[in-house]
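Taking it in order: structure first as structure tokens, then the write-up.
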Amino acid sequence: MRPFYAFVAKQAPKLGFNGVRRLAAIFGACMWHLVGSRRKLATNALQHHLHLTPERACQLARQSFTHNFNSFLELFLVGRVTPPFIHSLRESRPGVFAKALEFDGPIVGITAHLGAWELLGGVLGREVGRTRDALVVVRRNKNADLHELITHFREAGGARVVDHRQAVFTVLKTLKRKGFAAFLVDHNCPRNEAIFLPFLQDTAAVNMGPAVLAVRANAAIMPVFMTRDEEGGFTMHAEELLTPDQLHGSRDDKIRQVAEFYTRTVERYVTAYPEQWFWMHKRWKTRPEASHEPEQQNAAPA
């Protein structure tokens with residue numbers, strides 16, 4: 001690791017949770033005022049996909065900038081996801097997460113760029129890793145040194161980080177041993193990786209990779225999210241498993257059912273916590289080939 005990144009790796013965790021929140025507020029405000037294209041992108045997306053007034057969309061978009069920076073900076077604190085931190089978490093549905101981990105078979109965890117998703121990776125690494133192998137599948141950063149730094153922090157929680165471009169063999173091997181593999185399933189993806197599904201009043205390209213792997217490994221699907229509280233704490237949201245016996249039809253039918261399940265679940269949480277989602281992302285950029293709908297989200301350049 002290069003000296004600068006080594007310095008960051010050593011010093012950044014000293015910020016602590018309060019320091020990260022303060023820094024996120026500063027960075028979020030700066031980006032809101034300085035990067036008009038992203039401000040417009042997020043505001044337009046909120047207004048269009050949640051049918052909000054311009055004023056309300058602007059308010060939530062600005063809050064989302066701060067939450068997004070919180071999410072990224074919390075990467076430095078994954079190593080602080082210790083048993084006391086985990087015990088301090090609130091659970092929106094007490095006992096559901098623990099019960100899900102009792103499933104006698106492989107589990108594919110799905111989540112989104114919502115709330116404290118980097119810290120959630122640490123929680124999954126600590127809690128899931130006690131009883132089974134735990135993987136977190138992520139997109140590789142093009143900067144090799146930065147990727148190494150990010151991986152260093154993400155693996156501090158106990159989960160092994162896997163590059164999504166090289167994940168198939170590793171994930172299947174882990175799942176065949178009744179392991180756990182977690183995916184972020186809310187980002188845009190190329191057409192050749194997508195299944196097009198309804199999402200927030202539009203049609204979105206949904207990455208079918210996690211669904212394909214889950215069906216191939218006969219795995220259960222566990223939706224899990226972590227949001228921030230107004231008091232500065234965190235709440236864990238675990239949903240009931242979608243188990244293999246609940247699927248029916250052909251292999252393609254099952255893949256679609258799994259993808260629909262996690263897309264509907266993400267939609268529900270984005271609607272419930274819109275200020276904590278990553279609205280500055282061009283979520284609806286990839287369109288169905290036959291679509292002639294205007295790409296409203298691309299009105300602002302990247």
Please verify whether the range 208-230 includes one or more residues that are over 20 Å from the mean Cα position of the chain (by Cα) and more than 17 Å from VAL108 (Cβ to Cβ). yes
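Here is a yes/no grid of residues against (1) within 20 Å of ALA12 (Cβ to Cβ); (2) in contact with a Gly (Cβ under 9 Å, 6 or more places away or on another chain):
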{"position": "PHE69", "(1), (2)": "yes, yes"}
{"position": "HIS87", "(1), (2)": "no, no"}
{"position": "VAL137", "(1), (2)": "no, yes"}
{"position": "GLU148", "(1), (2)": "yes, no"}
{"position": "ARG154", "(1), (2)": "yes, yes"}
Out of the residues in the range 80-101 that are assigned to a loop (DSSP other than H, G, I, E, B) and in contact with a helix residue (DSSP H, G or I) (Cβ under 8 Å, 6 or more places away or on another chain), which is farthest from GLY233 (Cα to Cα)? LEU101
Only one of VAL96, VAL108 is out of contact with any Lys or Arg (no Cβ under 7 Å at 6 or more places or on another chain), among the β-branched types (Val, Ile, Thr) and closer than 26 Å to GLU148 by Cα; which? VAL108
Residues (under 15 Å from the mean Cα position of the chain (by Cα), under 14 Å from VAL137 (Cα atoms) and not aromatic (Phe, Trp, Tyr)) located in the range 164-199: HIS164, ALA181, ALA182, LEU184, VAL185, ASP186, HIS187
Checking VAL206 against (1) in contact (Cβ under 8 Å) with a residue 60 or more places away in the chain; (2) more than 14 Å from ALA100 (Cβ to Cβ); (3) touching a strand residue (DSSP E or B) at 6+ places or on another chain (Cβ under 6 Å), only one condition comes out false. Which one? (1)
Quick one: which of THR131, THR111 is among the hydroxyl-bearing types (Ser, Thr, Tyr) and within 15 Å of the chain's Cα centre (by Cα)? THR111
Kindly list, by first and then second residue, each pair from a residue in the range 255-275 that is within 10 Å of PHE199 (Cβ to Cβ) to a residue that is buried (at least 21 other Cβ atoms within 10 Å of the Cβ) and not hydrophobic (A, V, I, L, M, F, W, C), limited to pairs with Cβ atoms under 7 Å and residues at least 6 apart or on different chains. VAL266/ASP186
Check ASP186, ASP104 and return the single one that is closer than 26 Å to PHE234 by Cβ and either part of a loop (DSSP other than H, G, I, E, B) or of a type in the set (Lys, Arg) (or both). ASP186
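One line per residue, one yes/no per condition, for (1) surrounded by 23 or more Cβ atoms within 10 Å (Cβ to Cβ); (2) aliphatic (A, V, I, L, M):
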site	(1), (2)
PRO83	no, no
ILE86	no, yes
LYS99	no, no
GLU102	no, no
LEU114	yes, yes
GLY122	yes, no
HIS147	no, no
HIS152	no, no
Expected single match for in a helix (DSSP H, G or I) and aromatic (Phe, Trp, Tyr) among PHE225, PHE153, PHE196 is PHE153
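We did not get these values from a lab; they are worked out from the coordinates using the rules stated. For clarity, every value in this text was computed on a predicted model and none was experimentally measured. All Cβ positions, glycine included, derive from the backbone under ideal geometry; neighbour counts span all protein chains shown.
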